[in-house]
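The values are calculated or read from the model by the stated rules, or taken from the named source; none is laboratory data. Everything quoted here is computed from the prediction, not taken from an experiment. Every residue, glycine as well, gets a Cβ built from its backbone with ideal geometry; the counts of neighbours run over all protein chains shown. These area figures cover heavy atoms from the full protein model, side chains too; ligands, DNA and RNA do not enter into them. Shrake-Rupley method; radii C 1.70, N 1.55, O 1.52, S 1.80 Å.
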Amino acid sequence: MIYRLPEADDKAMLDEYIKEHYNNGEKFINASLELATTEYCEWLEKIRRNASTGDEIWGKSLLYLCIDEGKLVGLLNIRYEAPEHLAEKYGHIGYGVRPAERRKGYATAMLRHALSICKAKGLSEVILGCYKDNLASAATIKKNGGILISETENEGRISQYYIIKL
């Protein structure tokens, strides 16, 4: 799988990715940093800025396109400089896989790749969160060594938080 930052000529591929999520009845696209609701050039600039100089609140982060055999299969957001209070609420890593490519091991591979980047960036552990009813995401986190550390109510849903030692 290829992991890379988005480029200007990826717009059509990302539009197709968004459309597939919407056609699947999904209103929120995980790990996209508001891709569907932001003008593409503005979104792309934000992603590049986050990678190079960072965001004043979140620090530096990476948003990778995850491409397999020429097809965008998912998005991977690695918030390796997130302040502790934000990491505890949102996690260091977010990922999403397009509906047609789920249950094929992509999320597990994406998370494994993100963990290697976090380790290379000097983190000794990461926090990940998912809704309790998202059994697939919880399984992905556990496959990568995640240990449940807490549950909280979040806008009427239960969020689970896991820690992974690197």
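Extension gain for residue 56 to residue 157 (0.36 nm times residue separation, less C-alpha to C-alpha distance): 33.5 nm. List the lysines whose Cα sits under 18 Å from the Cα of residue 46, skipping any in the same chain fewer than 8 residues away. List returned: 11, 60. Positive-end ranking of 122, 12, 22 along the dipole of the chain, with charges on Cβ about the Cα centre, is headed by 122. For segment 88-140, what does the alpha-carbon gyration tensor say about shape, rounded, prolate or oblate, given a ≥ b ≥ c as the root eigenvalues, a/c under 1.5 as rounded, and a/b over b/c as prolate? Oblate is the answer for segment 88-140, as a/c is 1.5 or above yet b/c matches or exceeds a/b. Distance between the pseudo-spin-label points of residue 40 and residue 135 (7 Å out from Cα toward the beta carbon): 3.8 nm.
When the C-alpha to C-alpha distance is required to be over 29 Å, the pairs from 19/165; 71/143; 119/142 that qualify are 19/165. Working from Cα pairs under 8 Å separated by at least six residues, relative contact order for segment 85-166 is 32 percent. Normalised per residue, the accessible area of the chain is 55 Å², obtained with a 1.4 Å probe and no contribution from ligands, DNA or RNA.
Taking a ≥ b ≥ c as the square roots of the eigenvalues of the Cα gyration tensor, segment 22-166 is classed as rounded, since a/c falls below 1.5.
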